Structures are given as C-alpha cells and as structure tokens.
Amino acid sequence: EAGVTQFPSHSVIEKGQTVTLRCDPISGHDNLYWYRRVMGKEIKFLLHFVKESKQDESGMPNNRFLAERTGGTYSTLKVQPAELEDSGVYFCASSPWGRPGEQYFGPGTRLTVT
Amino acid sequence: KQEVTQIPAALSVPEGENLVLNCSFTDSAIYNLQWFRQDPGKGLTSLLLIQSSQREQTSGRLNASLDKSSGRSTLYIAASQPGDSATYLCAARFSGNNRLAFGKGNQVVVIP
C-alpha cells in the first residue's frame with residue numbers, strides 16, 4: 001500500500017509568486033490534513049478535510065492560503081501571493097474514516113520564499 | 001490553550017544507554033498521544049499511539065507511557081543504537097477536535 005505522497009519535495013519561489021502544493025493521501029482515507037512547520041517552531045495544524053469538505057480550517061494563517069480537495073481524493077494547497085514568512089515545511093497527513101487520530105504523514109514539501 | 005512541550009531540544013547519549021524523552025501537555029482532556037520519529041529530509045514515522053484509556057504502549061525496544069493527571073508522557077528507548085539518532089516528536093489529540101498538537105521535538109544523537 002502506497003503511503004501519503006507530496007509534490008514537489010522542494011520549491012523555491014520569489015516573494016509575490018504563487019505556489020501550489022499537492023498531496024495524495026493513502027487510498028481510501030477520507031480524512032486529509034495539512035500541517036506546517038516554520039523554522040524554529042513546532043508543527044502546526046492548518047486544516048482538515050473529510051472527503052471534499054473542509055471540516056476545520058481554523059489553522060489557516062490568512063486568505064493567501066487556499067486549500068481544495070475536489071472529488072475527495074488528492075488535495076492542493078495554494079499560496080498566493082507568497083510572503084517570506086510562508087517559508088517552511090508543509091506536511092500532509094491522512095487517516096481512515098472513524099480513526100482521525102491515526103494520522104499517516106507524507107514526507108513534506110520544503111517551501112523557500114526568497 | 002492546548003499545548004505540547006518537549007524539553008530538552010537536543011541531547012546526546014552513548015550507544016547502549018537507555019534514552020528517556022519527556023513530553024508534557026497542558027490539557028488533561030486528551031484523546032490520544034502519539035510519538036513520531038523524523039529523519040532529516042523525511043516525513044514523520046509513527047512509533048507508538050497511546051489512547052487516553054491506556055497507560056502505556058510497547059513496541060520492541062520502545063515503551064511509551066501516558067499520565068493524564070500530571071499531563072506527561074515518556075518515551076523510553078532501551079539500549080540505544082546509532083540508528084536511533086533522529087528527531088522525536090510528541091503529538092497530542094485533544095478531545096473536541098481532530099487535529100494533532102505537536103511539541104518542537106527532541107533531536108537525539110546516539111554516539112557510537
């Protein structure tokens with residue numbers, strides 16, 4: 001069984017540009033989460049999808065971040081326009097229906113905004 | 001506020017010694033607690049998951065305990081090996097939501 005995959009593994013963009021991160025959860029997992037770790041800080045929750053619906057987006061930092069999960073499969077996280085403080089590692093996780101605490105993490109996307 | 005704390009940020013131990021990593025959390029209304037391992041440039045690998053009704057979980061050389069009343073969890077790694085060098089993260093799922101709250105992690109180096 002394939003794990004959670006994320007693309008790209010690294011992205012370097014200039015301030016003001018747009019970047020889209022992609023996450024493919026484990027097949028059949030209804031729950032999908034985005035987390036972020038910025039330098040020197042702990043990993044922090046961004047949002048949670050159940051299938052295609054946003055269950056909890058209280059961790060999204062501002063309206064420059066847009067997450068989608070069309071069709072309830074893969075998810076994208078778009079940052080537009082990117083700012084320097086958006087640099088960090090973005091993790092995606094998924095979990096089966098009814099077991100939200102059992103989250104399986106992807107390798108992360110390292111985003112650098114210059 | 002639901003927070004998770006891990007101290008110290010980094011530690012080194014000689015090979016063969018037992019490792020003891022501590023995690024504290026601010027809210028006793030915890031649903032479960034998970035210990036992860038992260039290697040440089042890699043994702044998070046779940047090591048042990050302890051439900052709120054459990055006091056400990058064991059897997060091989062790893063043992064994790066949970067004390068809700070004191071707001072603490074401890075990860076024990078017996079007879080440490082150089083391959084145990086990694087960052088260990090503690091994450092709690094508190095009652096009322098599905099998100100994980102992470103500590104900053106313990107960066108461990110096992111010296112051969």
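The values are calculated or read from the model by the stated rules, or taken from the named source; none is laboratory data. Worth saying up front: this structure is predicted, and the values here are computed from it rather than measured. All Cβ positions, even for glycine, are placed from backbone atoms using ideal geometry, and neighbour counts span all protein chains on display. The accessibility values were calculated without ligands, DNA or RNA, using every heavy atom of the protein model including side chains. Shrake-Rupley method; radii C 1.70, N 1.55, O 1.52, S 1.80 Å.
The convex hull drawn around the Cα atoms of the range B:1-86, when projected onto a plane and averaged over every direction, covers 6.0 nm². Take each residue of peptide A:37-49, count the partner chain Cβ atoms within 10 Å of its Cβ, and average: the result is 4.
Spatial offset of the range B:1-25 relative to the range A:36-66 amounts to 26 Å, using the alpha carbon center of each. Legend: mean number of C-beta atoms from other chains within 10 angstrom of residue C-beta atoms, peptide B:36-45, equals 5. Note on chain A: with a GNM built from Cα contacts shorter than 10 Å, the maximum mean-square fluctuation among A:GLU52, A:GLU102, A:GLU42 falls on A:GLU42. Run the paramagnetic zone check for B:GLN2: 7 angstrom along Cα to Cβ, then residues of the range B:72-112 with backbone nitrogen under 14 Å. What the label zone holds, given the 14 Å backbone N cut-off, is B:91-103. Considering only alpha-carbon pairs that sit under 8 angstrom and 6 or more positions apart, the relative contact order computed for chain A is 37 percent. Projecting the Cα atoms of B:VAL20, B:ALA10, B:ALA92 onto the charge dipole of chain B (Cβ charges, centred on the Cα centre) puts B:ALA92 farthest toward the positive pole.
Here the Karplus relation 6.51 cos²θ - 1.76 cosθ + 1.60, evaluated at θ = phi - 60°, turns the backbone of the range B:71-82 into coupling constants of x, 9, 9, 10, 10, 10, 10, 7, 6, 4, 10, x Hz, with x for every Gly and Pro.
Remind me, relative contact order of chain B in percent, using alpha carbon pairs under 8 angstrom and six or more residues apart? With pairs under 8 Å counted, the relative contact order is 38 percent.
Scalar couplings 3J(HN,Hα) for the range A:31-44, obtained by applying the Karplus form with A = 6.51, B = -1.76, C = 1.60 to θ = phi - 60°, are 8, 9, 10, 10, 10, 9, 10, 9, 3, x, 10, 7, 5, 10 Hz; x denotes Gly and Pro. Take each residue in A:77-86, count the other chain C-beta atoms within 10 Å of its C-beta, and the mean is 0.
For chain A, what is the accessible area per residue in Å² when the probe is 1.4 Å?
Working: 5600 Å² over 114 residues.
Value for chain A: 49 Å² per residue.
Excluding ligands, DNA and RNA and using a 1.4 Å probe, chains B and A jointly bury around 1500 Å² of accessible surface, summed across both partners.
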